[in-house]
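Okay, structure first, notes after.
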Amino acid sequence: MSVAAARVSLTHSRSLSAALCRPLIRRPSTRRPSTVTSAAMAQKSVSSYLPSDTYNSLPKDGDLTFLHTMLRVNDLDATMDFFKALGLQETRRKESESGKFTLVFMASAPGAPEIELTYNWGGEDFAPPSRSMGHLAYATDDIYALCESLQAKGIVINRPPRDGKMAFVKSPDGISVELLQKGEPLEASEPWASMENVGSW
C-alpha cells in the first residue's frame, strides 16, 4: 500500500470512529397513535377516575380521593339485585373463611367510586338507619325510564319523579338512594306527575 493510500485509510477510520462515538439523536416520532390504542386508553365513563387496584397506584397529588361507602347488608343477594337494577355492577369481592364475612364492591362503571356491601355470614338484624345517614345519590340519563325499569322489578318508588328531576328509592335494608336527572329536568309526564309518595326516604 502506498503512503497516500495509507493516509486516506487512516483518515476514513478516524471519521468512522468519531461518528460511532457521537451521541445518537432520536427524532420525535411523527406517527399518530393508532385508533385502537387511543380507544383502549380512553375512559368509558365520566365517573371512572380510580385505577383498577382502586388506591395502590394512585398518584400522590396532595388531595384526598373518595373511594367507597360501606353498607352492612342482611341479604347479600337481594341487595346486589337492588343495586344491579339501578345500573351498578360487581367490581370485586373478598371472602373470609376465618372472619365469616363477604365483601362485595359495586360501581356504576369500572374505576368509579364504589359501594362496599359487607355481609356477615348468617345475616343480622339492623335498627332503622339513623337520620344522620342521609342517602346515596346517582345521576341518570333518563329518570323516567330508570324508574319504570325499577318498578317492573318490584322496587317501590318512594318519591316519584314528578318534577322530571328527582326520585328516591330504598335498598332492602332501608338505605335511601336519590336518583337525579342529568342535565335539564324532563318535561312533566304521567304516570309520574300525579303519583303520590310512598312511605319515607
Report summary line: The summed charge of the LYS84 Cβ neighbourhood (under 13 Å; Lys/Arg +1, Asp/Glu -1) stands at -2
Query raised in the report: Rounded to the nearest 0.05, what FRET efficiency is calculated for HIS135 and LEU58 with R0 set to 22 Å and r the Cβ-Cβ distance?
Result: 0.25
Report summary line: Partner aspartates and glutamates whose C-alpha sits under 14 Å from that of LYS182, ignoring same-chain residues fewer than 8 away, are ASP141, ASP142, ASP163
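Working with all protein chains in place, sort PHE83, PHE101, PHE66 by solvent-accessible area computed with a 1.4 Å probe, largest first.
Details: PHE83 0, PHE101 50, PHE66 110 Å².
Largest to smallest exposure gives the sequence PHE66, PHE101, PHE83.
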Report summary line: Amide H neighbours of TRP121 at under 5 Å, excluding residues fewer than 5 places away on the same chain, with H built from the backbone geometry, are PHE101, THR102
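Can you tell me how much longer the chain between ALA109 and ASP163 gets when fully stretched, taken as 0.36 nm per residue apart minus their C-alpha distance, in nm with one decimal?
Answer, rounded to one decimal: 16.7 nm.
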Query raised in the report: How many nm is it between the label spots at GLU187 and ALA127, if each spot is 7 Å from the Cα in line with the beta carbon?
Result: 4.9
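The values are calculated or read from the model by the stated rules, or taken from the named source; none is laboratory data. Only a predicted model underlies this, so the values are computations on that prediction, with no experimental measurement involved. Counting neighbours? That spans all protein chains shown, and the Cβs are built from the backbone with ideal geometry, glycine included. Only protein heavy atoms, including side chains, enter the accessible area calculation; ligands, DNA and RNA are left aside. Shrake-Rupley method; radii C 1.70, N 1.55, O 1.52, S 1.80 Å.
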